[in-house]
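Report on the structure given below.
The values are calculated or read from the model by the stated rules, or taken from the named source; none is laboratory data. As the structure is a computational prediction, the values presented were derived from the model and not from experiment. Virtual Cβ from ideal backbone geometry, glycine too; neighbours counted across all protein chains shown. Protein only, heavy atoms only, side chains kept; ligands, DNA and RNA dropped before computing areas. Shrake-Rupley method; radii C 1.70, N 1.55, O 1.52, S 1.80 Å.
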Amino acid sequence: MLKHLTVISGKGGTGKTTITSSFAALAENAIIADCDVDAADMHLILQPETFETTDFYGLKVAHINKELCTDCGACASSCRFDAIDKFNVIDTCKCEGCAVCEFVCPENAICMVEKKAGEYYCSNTRFGPLVHAKLGAGEEASGKLVSDVRRRASELALECGKDVVIIDGPPGTGCSVIAAITGADLVLVVTEPTISGIHDLERVVQVAQHFRIPVVVCINKCDINMDLSQSISIYCKNNEINVAGMLPYDKSPVDAMIYGKSVVECFDNDFSSKVRSLWTEVNSSLSK
Amino acid sequence: MKIAIASGKGGTGKTTVAVNLALSLGNAQLLDCDVEEPNCNLFLGFDLKKQEDVTITVPQVDSGKCSLCGKCAEFCQYNAIAKLSDSVMLFPKLCHGCGGCVLVCPEKAITEKKRSIGVIEKGTNEQFNIELLQGTLNIGEAMASPVIRQLQTHMDESTVAVVDSPPGTACPVIASVADMDYCVLVTEPTPFGLNDLVLAVDVIRQLGIPFGVIINRHGLGDNRVEEYCRVESIPVLMKIPYIREIAVLYSKGIPFVEHMPAWKENFREMCRDICEFIPYRGLSQC
């Protein structure tokens, strides 16, 4: 049975991609989905060779045919998103594609048009298939793109006979995070012992629990503040969350990144051996 | 003057820059628009008072009037309404509050009610001499942009407003930087930092906002970010060094200008530089 593991962090920059790229190297029969579609970085380490590209259409946006428009203003006064100005020009950044303007226009001057908002790709890497995406600058509907990347990754996993989809998730707690964790078998939250790290950990754990998804935690940069690492461990214990690993503050992930490698490929040091045991622990939680 | 602090990627130091800049300027507003993870107050510890809820309208169906025609479900672009064989089912969390279902219902069976998706809070503190405004998206809610837009209605045009934006380049970022006078992009000198900076620059250029870069953790990684800024003629406004002391202060929630006061002048100087990049606006506001 295909399993889905999503790596999230609440806060950005805690080391999600460092850990996920190492998991890609360590997992034997996995497919990787880079669902941090806003700031996709996995390709910098996995150097994918793309064999399939799909256009991504987000929400439709309204388009006004100026020849039919009589400037009656019905569209602007019905728009709840302030997306139509007094000259009846549509601000496509604000338009949420609800189609109310199309419905209220007495001249049938408005239609909803599809707009390409990005692309997603299936690629081969040295660690197996990768599904990843590029959202156009400033485009909407990143949650929808996350869902498309995940769906394609699951299909590809079945086609190639893989057992696990490892999903690198986005930061935050909103739309795209919800899309990245929905239906996952396990969420790994990567956190760091800073007060913002703890705050964001608590919020994102609540999101996972809200959707009833089991959680394990990894504390990265644990030695930068041992007191707070201890507090995180206590918080996890009180919430019956397994701390699957603790990684030290170390430059080797950045050095590996500069070589375009995952840290477990590049270095055989304390940090990479701790990442290996983290994977063993997470993989066994996932198999339960 | 309105300055947004943004970055393609999370964890580059946006909140650090926003908080330390506001503290260095004094007499400023700080707006925490990272409503999915508002962190500014972790460094300030203000006593925040709730100003208001952020609400969106969601439909409710009068089953007595509903004829199960299904027009509402057919119209809804967000799949927030489903017609079943004997009832209409609503998914309020998918609803964007456009009001379209109310308009299309031939039986006038749909009305709207308000639903809270987040909260706006405010705090001040005599010692720090700044006003903090914070928006927080409720757990499990998807739509950050309405919270950001409502938070920005509290902006005071007569003073300097520093906006801490969410990470990424999608809708919430656009909502927080769209009406700003200047945007500071915070990055770090690593391949990830560069990749995400290039994406962020693309967005800010499309919005037509003047911008510059702060390199955080300078000394880590390599020179490619600086090289990129040079080639693209993007001003590097400041470099914050990669030193353990700043990381440790950060971990404890202490704004580093409080322990390293010389940096306050660096931030003020940066703000003066920014004013020079903004056309038709005087220095008087800095």
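Would you pick out the residues in segment B:214-231 that are more than 19 Å from B:VAL17 (Cβ to Cβ) and open to solvent by 60 Å² or more (accessible area, probe 1.4 Å)?
Result: B:ASN223, B:ARG224, B:GLU227, B:ARG230, B:VAL231.
May I ask you to list the residues in segment A:104-118 that are over 27 Å from A:VAL146 (Cβ atoms) and surrounded by 12 or more Cβ atoms within 10 Å (Cβ to Cβ)?
Once the filter is applied, which keeps residues that are over 27 Å from A:VAL146 (Cβ atoms) and surrounded by 12 or more Cβ atoms within 10 Å (Cβ to Cβ), segment A:104-118 yields A:VAL104, A:CYS105, A:GLU107, A:ALA109, A:ILE110, A:CYS111.
Working carefully through the options A:ALA133, A:ALA141, A:ALA153, find the one that is at pLDDT below 95, of a type in the set (A, V, I, L, M, F, W, C) and surrounded by 19 or more Cβ atoms within 10 Å (Cβ to Cβ).
Only one candidate passes the filter, namely A:ALA141.
Could we say that A:ASP185 is under 19 Å from the mean Cα position of the chain (by Cα) and either of a type outside the set (A, V, I, L, M) or at pLDDT below 95 (or both) here?
When the stated conditions are applied, A:ASP185 passes them.
Can you go through B:ASP53, B:ASP47, B:ASP32 and tell me which one is open to solvent by less than 30 Å² (accessible area, probe 1.4 Å) and farther than 20 Å from B:PRO241 by Cα?
Only one candidate passes the filter, namely B:ASP32.
Which residues, counting only those in segment A:86-103, are away from chain B (no Cβ under 11 Å), open to solvent by less than 70 Å² (accessible area, probe 1.4 Å) and part of a loop (DSSP other than H, G, I, E, B)?
Once the filter is applied, which keeps residues that are away from chain B (no Cβ under 11 Å), open to solvent by less than 70 Å² (accessible area, probe 1.4 Å) and part of a loop (DSSP other than H, G, I, E, B), segment A:86-103 yields only A:ASN88.
Residues that are farther than 30 Å from A:GLN206 by Cβ and more than 9 Å from chain A (Cβ to nearest Cβ), at least 3 per element: which strands (runs of 3 or more DSSP E) completely within segment B:126-216 meet that?
Qualifying strands (runs of 3 or more DSSP E): B:182-187.
For segment A:205-216, check the following and say yes or no: at least one residue is modelled with pLDDT of 95 or more, open to solvent by less than 40 Å² (accessible area, probe 1.4 Å), over 22 Å from B:GLY11 (Cβ atoms) and small (Gly, Ala, Ser).
no
Name the residue that is farthest from the other protein chains (Cβ to nearest Cβ), counting only residues in segment B:3-22 that are open to solvent by less than 10 Å² (accessible area, probe 1.4 Å) and touching a Phe, Trp or Tyr at 6+ places or on another chain (Cβ under 8 Å).
Looking at residues that are open to solvent by less than 10 Å² (accessible area, probe 1.4 Å) and touching a Phe, Trp or Tyr at 6+ places or on another chain (Cβ under 8 Å), I get B:ILE3.
What tally of residues in segment A:126-148 results from selecting those that are of a type in the set (Lys, Arg) and farther than 14 Å from A:HIS43 by Cα?
Result for segment A:126-148: 1.
Check every one of the strands (runs of 3 or more DSSP E) wholly within segment A:8-85 and list those with 1 or more residues that are modelled with pLDDT of 95 or more, under 30 Å from A:CYS218 (Cβ atoms) and aliphatic (A, V, I, L, M).
Strands (runs of 3 or more DSSP E) meeting the threshold: A:30-34.
With charged (D, E, K, R), more than 10 Å from chain B (Cβ to nearest Cβ) and closer than 22 Å to A:ASP38 by Cβ as the only criterion, which of A:ASP168, A:ASP200, A:ASP185, A:ASP163 stands out?
A:ASP168
Looking at B:GLY8 and the list (1) touching a strand residue (DSSP E or B) at 6+ places or on another chain (Cβ under 9 Å); (2) modelled with pLDDT of 95 or more; (3) farther than 30 Å from A:CYS111 by Cα, which single condition is not satisfied?
Among (1) touching a strand residue (DSSP E or B) at 6+ places or on another chain (Cβ under 9 Å); (2) modelled with pLDDT of 95 or more; (3) farther than 30 Å from A:CYS111 by Cα, the lone unmet condition for B:GLY8 is (2).
Please go through (1) open to solvent by less than 10 Å² (accessible area, probe 1.4 Å); (2) out of contact with any Gly (no Cβ under 7 Å at 6 or more places or on another chain); (3) in contact (Cβ under 8 Å) with a residue 40 or more places away in the chain; (4) among the hydrophobic types (A, V, I, L, M, F, W, C) for B:MET155 and return the number of the only condition it doesn't satisfy.
Of everything listed in (1) open to solvent by less than 10 Å² (accessible area, probe 1.4 Å); (2) out of contact with any Gly (no Cβ under 7 Å at 6 or more places or on another chain); (3) in contact (Cβ under 8 Å) with a residue 40 or more places away in the chain; (4) among the hydrophobic types (A, V, I, L, M, F, W, C), B:MET155 misses just condition (1).
Out of everything in segment A:14-48 that is farther than 16 Å from A:LYS134 by Cβ and among the charged types (D, E, K, R), what residue ends up being least open to solvent (accessible area, probe 1.4 Å)?
If we take residues in segment A:14-48 being farther than 16 Å from A:LYS134 by Cβ and among the charged types (D, E, K, R), then A:LYS16 is least open to solvent (accessible area, probe 1.4 Å).
Hey, any hits in segment A:238-254 for a residue that's within 14 Å of chain B (Cβ to nearest Cβ), touching a residue at least 60 places away in the same chain (Cβ under 8 Å) and of a type outside the set (Lys, Arg)?
Scanning segment A:238-254, I find at least one residue that is within 14 Å of chain B (Cβ to nearest Cβ), touching a residue at least 60 places away in the same chain (Cβ under 8 Å) and of a type outside the set (Lys, Arg), so the answer is yes.
Please work out if A:LYS134 is part of a strand (DSSP E or B), basic (Lys, Arg) and within 14 Å of chain B (Cβ to nearest Cβ).
It is true that A:LYS134 is part of a strand (DSSP E or B), basic (Lys, Arg) and within 14 Å of chain B (Cβ to nearest Cβ).
Does A:THR70 meet the test of being within 30 Å of A:ALA33 (Cβ to Cβ) and among the polar types (S, T, N, Q)?
For A:THR70, the condition - within 30 Å of A:ALA33 (Cβ to Cβ) and among the polar types (S, T, N, Q) - is not met.
Regarding B:LEU84, is this residue without any contact (Cβ under 8 Å) to a residue 24 or more places away in the chain and open to solvent by 20 Å² or more (accessible area, probe 1.4 Å)?
The answer is yes for B:LEU84.
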